[in-house]
Amino acid sequence: MKEISLEKVVSTIRELMDEATSFNDFKYNSMEEAITQLAKEKHENINEFEVLTQEMIDQQREDYDGYLDGAKVGDLVWGDSEMWVSQLVVEGWVQESNEALNNSDDIVQIAEYIENVLIVEVLSGSNEGVNCDEA
């Protein structure tokens with residue numbers, strides 16, 4: 001499984017920035033501080049992957065139904081401290097964060113979008129290989 005490096009997060013955030021990109025100067029002292037802090041936060045979140053088991057599906061069904069939509073046992077899923085999430089769901093988050101990004105020049109919106117994109121990159125790279133084996 002591919003792990004996303006901190007450097008990749010930073011460089012991908014920088015790729016989407018332009019002269020209009022802004023930051024909250026109550027929270028960050030500079031754009032560099034905003035990039036560094038957001039990249040660290042997103043990097044810590046991104047690399048939480050696990051191969052889905054039936055036990056995971058059963059445990060999550062009651063409290064977080066729907067977050068594993070489209071996934072099946074053996075697929076790679078992403079998770080946080082509360083739940084596991086399928087590629088299909090994170091792809092929806094990419095669309096939502098892209099729409100938010102289109103309406104904002106805030107560095108936080110860029111970082112949210114990048115987080116979702118990089119998670120999908122890992123999931124799709126793993127799950128397409130799994131699904132191709134079955135064809």
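Between V10, G92, F23, whose Cα lies farthest towards the positive end of the dipole of the chain when Lys and Arg beta carbons carry +1 and Asp and Glu beta carbons carry -1, centred on the Cα centre? Positive-most Cα among the choices belongs to V10.
Round to a whole number: what % of the accessible area of the chain belongs to carbon and sulfur, probe 1.4 Å?
45
Positive contributions from Lys and Arg (+1) and negative ones from Asp and Glu (-1), summed over other residues with Cβ under 14 Å from the Cβ of L16, come out at -4. Pairs of lysine residues in the chain that meet both criteria, 8 or more places apart or on different chains and Cα atoms under 22 Å apart, total 7.
Which of the chymotrypsin sites (Phe, Trp or Tyr not before Pro) across the stretch 43-135 are loop residues per DSSP, with 14 or fewer other Cβ within 10 Å? When the chymotrypsin sites (Phe, Trp or Tyr not before Pro) of the stretch 43-135 are filtered for loop state and at most 14 Cβ neighbours within 10 Å, Y64 remain. Across the alpha-carbon set of the stretch 1-90, the Rg to Rh ratio works out to 1.10, Rh being the Kirkwood radius.
Rolling a 1.4 Å probe across the protein heavy atoms gives the chain an accessible surface of 59 Å² per residue. Among the trypsin sites (Lys or Arg not before Pro) in the stretch 1-76, those located in a DSSP loop and surrounded by at most 14 other Cβ atoms within 10 Å of their own Cβ are K2, K27, K72. In the chain the longest region clear of GluC sites (Glu not before Pro) that are loop-assigned by DSSP and have at most 15 other C-beta atoms within 10 Å covers 83-135.
Near the amide H of A71, within less than 5 Å, lie no amide hydrogens of residues on another chain or at least 5 residues away, with H placed in the peptide plane. The charge dipole of the chain, taken about its Cα centre with unit charges on the Cβ atoms of Lys, Arg (+1), Asp and Glu (-1) only, comes to about 260 debye.
The values are calculated or read from the model by the stated rules, or taken from the named source; none is laboratory data. All values derive from a computational prediction rather than experimental measurement. All Cβ positions, even for glycine, are placed from backbone atoms using ideal geometry, and neighbour counts span all protein chains on display. The accessibility values were calculated without ligands, DNA or RNA, using every heavy atom of the protein model including side chains. Shrake-Rupley method; radii C 1.70, N 1.55, O 1.52, S 1.80 Å.
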